[in-house]
Each structure stands twice: as structure tokens, then as C-alpha cells.
Amino acid sequence: MKKLLLSLSLVLILHSCVENEMISLEEGELPLGAWTIDARQENGFTLKATNTLPKNTYGYVFEKNGKLINRSNSGFCGTPPIVTADFDGKWKWQDEVLKLEMRFWGGTINEEWKILSSGPMTFTVELLKSEYKFD
């Protein structure tokens, strides 16, 4: 009986560690790579992994050194056809929040993201903060 309880306890402990690893954001894997916006929700969006950002597609490239590339509208006009441009930025983890500071055509954007769920090819973001500072 003791062995059964010990085994069950060990399984529960390991199971809880596995769940935390899925969205363990400090390990250095997520959010590294290129990501396009796959779907938008009321308070966030879902990003989809890609090898490179396709031309005129919104997205982000996260590099290991904290460098960020934000691909967004190249200018103020949002009338189709949309033309995008790459803007430099930086990112970092603070507690369990992903903090981004990036340029856009009119100045700087500061955002804070909470990762709600993640998988090998997608992750879903809750947008906690988004501030635009115009030059």
C-alpha cells in the first residue's frame, strides 16, 4: 500500500512539472523564432510559427539576444493594399510577463503580453498593456 501511495504521489508531482514546462517561459525557447498573427481575439491574439515572415504579413521575430523585429504597417494609411515594414525593438521576460518595446512608423510601442497557452506551432497572447508614443 505504501508503494502504491508513493508511486501515485510521484506521478502527480511529475504531472504538475510537465504542465508548468509547457508554458515555462524562462527556458529560452518561447518566444524565439518568427511568428505571424494567426487570429485576433477581443483582448489578444494567437501567433503561428513560421520559418520567415512572408512579405506584407504582420508578425514578429524574436531573437535570443533580446532583439525583436516587428513587422507592421509601413505608414499611417490602413487602406488596402497594406504595405508592411520591419521595425526594430527589444523584448524581455519580467516575472511571467513578456515586455516588448518596438518602433512603428510614428514612434514607439510598449506592450506587455501574458501567454495564455502554447504549443509547438502556436501561442495565444493576452494583451495586458499597449502604449503608443508618437515622435
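Taking the stated definitions as given, is ALA49 modelled with pLDDT of 95 or more, under 11 Å from the mean Cα position of the chain (by Cα) and in a strand (DSSP E or B)?
Answer is yes for this residue.
Only one residue in ILE37, ILE115 is among the hydrophobic types (A, V, I, L, M, F, W, C), surrounded by 14 or more Cβ atoms within 10 Å (Cβ to Cβ) and in contact (Cβ under 8 Å) with a residue 24 or more places away in the chain. Which one?
Criteria check complete, one pass: ILE115.
Name the single residue, out of those in region 87-97 being without any contact (Cβ under 8 Å) to a residue 40 or more places away in the chain and of a type outside the set (Asp, Glu), that is surrounded by the fewest Cβ atoms within 10 Å (Cβ to Cβ).
Filtering region 87-97 for residues that are without any contact (Cβ under 8 Å) to a residue 40 or more places away in the chain and of a type outside the set (Asp, Glu), the one surrounded by the fewest Cβ atoms within 10 Å (Cβ to Cβ) comes out as GLN94.
Just need a number here: residues in region 60-82 that are under 15 Å from TRP105 (Cα atoms) and either touching a helix residue (DSSP H, G or I) at 6+ places or on another chain (Cβ under 6 Å) or modelled with pLDDT of 95 or more (or both).
Matching residues across region 60-82 total 7.
Matching residues to (1) in a loop (DSSP other than H, G, I, E, B); (2) exposed (fewer than 14 other Cβ atoms within 10 Å of the Cβ); (3) free of Cβ contacts under 8 Å to residues at least 60 places away in the same chain:
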| residue | (1), (2), (3) |
| --- | --- |
| ARG71 | no, no, yes |
| PHE76 | yes, yes, yes |
| PRO80 | yes, yes, yes |
| ALA85 | no, no, yes |
| LYS99 | no, no, yes |
| THR108 | no, no, yes |
| PHE123 | no, no, no |
| GLU131 | no, yes, yes |
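The values are calculated or read from the model by the stated rules, or taken from the named source; none is laboratory data. Every value quoted in this text rests on a predicted model; they were computed, and no experiment measured them. We place every Cβ from the backbone using ideal geometry, glycine too, and count neighbours over all the protein chains shown.
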